[in-house]
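Read through the structure below, which is laid out as structure tokens, and then see the notes.
The values are calculated or read from the model by the stated rules, or taken from the named source; none is laboratory data. Worth saying up front: this structure is predicted, and the values here are computed from it rather than measured. So basically every Cβ, Gly included, is an ideal-geometry build from the backbone, and we count neighbours across all protein chains shown. Ligands, DNA and RNA are stripped out before the accessible areas are found, and what is left, the full protein with its side chains, is counted by its heavy atoms. Shrake-Rupley method; radii C 1.70, N 1.55, O 1.52, S 1.80 Å.
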Amino acid sequence: MTKKLADMEALRGLAALGVVIYHYLYGFVPAAGHSSAAPINEMVMVERPFLLAFINGPFMVSIFFVLSSFVLTTRLVREADPRVAIIAMAKRFPRLFPLTLIGALLPALLFAAGWTYNHQLADVIGSIWLERSGGVKIRDDWPEPSVFGGVRDSILLFGRGLSQYNSALWTMKYELVGSIFALAAAMLLGSRRKVGADAVITLALGVVGLTVHPLISICVATVFVTKYVAHPDFKIGPFTVAACIIGGLILGSTYKSLPEELLIDPWSRRQVLRLDWLAHGAGAILLFLGVRGASGSSFGAGSFGTYLGRLSFPIYVLHLPVFASVASGLILVLGYSESSVMLAFFVSMGVLLAISHPAAMFDEWWVGRLNAMLRRFYPQRARAQAVTADPAP
């Protein structure tokens, strides 16, 4: 792996860790506006907007989508071949599905065994988010949870963008659709440099993608950036690197920042959410350019960053079931306090890393098998690259 790709892998790993911290704080350290009870022991509470981009979950998710689109299309915009793009589109669902199935099946099994405690803890600490999104959904119009329901959920969520068993899996729908949009954009842009025409194509696809979700537009914009800016020899000066990174972190540091009283109707709320996501997408692209353009950096040189990057997909998929079971159960046993919340975080992180490692090995094996099965459909010159040309989401 080249140094620049190692940097991208490390950035993906840190983004996964940021999402984990974001959800943990949001669930176990609830702010007054997201709690039905008074704070216990006057703990430090989490409230939006976040002032630190690296624990702002939506911004971290935007980074995932930028990196995924870049890795998917970087060769396509240099060596245009529509057949490669079409094959890549065809294998996106089978590439995403196995770990998505694990991500829905694990909480279903834990719930069936009686080993999930997020609802009990939510009643104690008054965390509305932990009750509604921190584990298996059991209220409203959701069906009775079951193991079969977890399997069914892992398929349906790609269409509805919502999971009963694991709230983190909502992104899988947009990862699937976004990657198809990105590959289509790369196929249409091709390798010839026609800035005006390419900008029009990018804008048109981005507007269409915006009707699905702003994350789709972010995927499309990344393809244009990949073609014209983030080429293999991309290098910028230290001042520009710092400006990109700082600008990206500033754009990624707020979410739902307007006062609630200004959001007078569903239409205005939807537009504000779109603007928030687009701002995060712009910030994620700037951060990506800053990290990628740095020459001589050691951002991804450390083994910890590379390790996190390798485990990033399983970490993202599995962290909520671990929180619902391990962290919630431990806090219930020890009592809700600053020390128990901190201890539960480190214990649950240890469990999460322990189960993410074999999941990552399985995922790597599956990607290798999938690419090997489809290798014969690639054009002759692309077959050698097909074995490894498929990123984690």
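Summed over region 353-393, residues that are modelled with pLDDT under 85, open to solvent by less than 50 Å² (accessible area, probe 1.4 Å) and not in a loop (DSSP other than H, G, I, E, B) total 3.
Among residues of region 10-35 that are modelled with pLDDT under 85, those with a Cβ under 6 angstrom from a residue that is acidic (Asp, Glu), sequence gap 6+ or separate chain, pair up as 31/47. Checked against the criteria, residue 92 does not count as more than 20 Å from residue 27 (Cβ to Cβ) and open to solvent by 70 Å² or more (accessible area, probe 1.4 Å).
For region 303-331, the set of residues classified as open to solvent by 30 Å² or more (accessible area, probe 1.4 Å) and at pLDDT 95 or above consists of 326, 330, listed by residue number. Of the candidates 226, 211, 222, 171, the single residue that is open to solvent by 20 Å² or more (accessible area, probe 1.4 Å) and polar (S, T, N, Q) is 211. No other residue among 350, 329 is under 19 Å from residue 306 (Cα atoms) and part of a helix (DSSP H, G or I) apart from 350.
On the basis of being within 22 Å of the chain's Cα centre (by Cα) and either closer than 26 Å to residue 215 by Cα or not basic (Lys, Arg) (or both), does residue 105 make the cut?
Values: within 22 Å of the chain's Cα centre (by Cα): yes; either closer than 26 Å to residue 215 by Cα or not basic (Lys, Arg) (or both): yes.
Yes, satisfied.
A residue that is of a type in the set (A, V, I, L, M) and under 25 Å from residue 83 (Cα atoms) cannot be found anywhere in region 232-239.
Reported count of residues in region 174-207, each being over 18 Å from residue 100 (Cα atoms), open to solvent by less than 30 Å² (accessible area, probe 1.4 Å) and not aliphatic (A, V, I, L, M), is 4.
Selection of region 138-164 for residues being farther than 20 Å from residue 324 by Cβ, assigned to a helix (DSSP H, G or I) and open to solvent by 70 Å² or more (accessible area, probe 1.4 Å) yields 155, 160.
When you scan region 259-272, do you find a residue that is modelled with pLDDT of 85 or more, out of contact with any Pro (no Cβ under 9 Å at 6 or more places or on another chain), surrounded by fewer than 21 Cβ atoms within 10 Å (Cβ to Cβ) and under 24 Å from residue 19 (Cβ atoms), even just one? Within region 259-272, not a single residue is modelled with pLDDT of 85 or more, out of contact with any Pro (no Cβ under 9 Å at 6 or more places or on another chain), surrounded by fewer than 21 Cβ atoms within 10 Å (Cβ to Cβ) and under 24 Å from residue 19 (Cβ atoms).
Count of region 50-85 residues, restricted to those that are at pLDDT below 65 and either open to solvent by 50 Å² or more (accessible area, probe 1.4 Å) or part of a helix (DSSP H, G or I) (or both), is 0.
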